[in-house]
Structure formats: C-alpha cells, structure tokens
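S.K.: Following this message is one structure expressed as structure tokens.
The values are calculated or read from the model by the stated rules, or taken from the named source; none is laboratory data. Just so it is clear, the structure is predicted and the values come from calculations on it, not from any experiment. Glycine also receives a Cβ, built like all others from the backbone with ideal geometry; neighbour counts cover every protein chain displayed. Ligands, DNA and RNA are stripped out before the accessible areas are found, and what is left, the full protein with its side chains, is counted by its heavy atoms. Shrake-Rupley method; radii C 1.70, N 1.55, O 1.52, S 1.80 Å.
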Amino acid sequence: MFKRIVFSAMLLTASTTAFANPELLSPDEANHGHFQLIETIEIQGDIDDSIAQLIDKSLENKNGQYYAIDTIKEDTRKETLTLVIKLYNEPAGMMTDQLAA
C-alpha cells in the first residue's frame, strides 16, 4: 500500500507541474530556495482517492504560487489518507531580480 502511495506521489510530481496552479515544488527545493511559506494545509480523504484530485480540490481557491507535498500518511484500519501540503510564494524582490538578469 505504501509503495502505491509513493508511486502516486511520483506520478503527481511528474504529471501535474504543467496543469497545477500553484506549481509543484520538491520539498528540498522549497526548504532551500527563496520561498515564503504562506500556509500549511492538511487534506484528508479516502485511502483510494487520487492524490492529484485531493490536492487540486484543496488548492483551487488558494492564493499561492507554489506548493510542496510535506507528508503522506495512510491509516489502513480507518481506510484514510492524510496529506500535508505547504503553500509558498516567491518573494516579490526575487521575481524582480530574475527579470532584470
């Protein structure tokens, strides 16, 4: 079951960067880059739910430029899936610096 979740997360990483708004970041990139954490969101769903759909529904009304999947947990006894998503913005100064370069 855990392998399925990890595989789903990898597919999500590979396939949703083009479609997601906000964009997906790796946790390492979010932690070591120049991003401002604006919100941590806990998402709960059924163990058989699509990770991509859970994230898309939860982020559709959020104002953030990027997100990273922090934690994926499953409870096989309760048949639940819990995701912790961190929502980030890029500092305004960073975007201006990149345009000037």
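S.K.: Could you pull out the residue among T76, T16 that is β-branched (V, I, T), modelled with pLDDT under 90 and either under 12 Å from the mean Cα position of the chain (by Cα) or loosely packed, with under 11 Cβ neighbours inside 10 Å (or both)?
M.R.: T16
S.K.: Considering only the range 21-31, state which residues are assigned to a loop (DSSP other than H, G, I, E, B) and open to solvent by 30 Å² or more (accessible area, probe 1.4 Å).
M.R.: N21, S26
S.K.: Looking only at the range 39-70, which residues are surrounded by fewer than 15 Cβ atoms within 10 Å (Cβ to Cβ), modelled with pLDDT of 95 or more and of a type outside the set (D, E, K, R)?
M.R.: Within the range 39-70, T40, Q44 qualify.
S.K.: For the range 79-100, name all the residues that are at pLDDT 95 or above, more than 15 Å from the chain's Cα centre (by Cα) and of a type in the set (S, T, Y).
M.R.: Correct list: T80 only.
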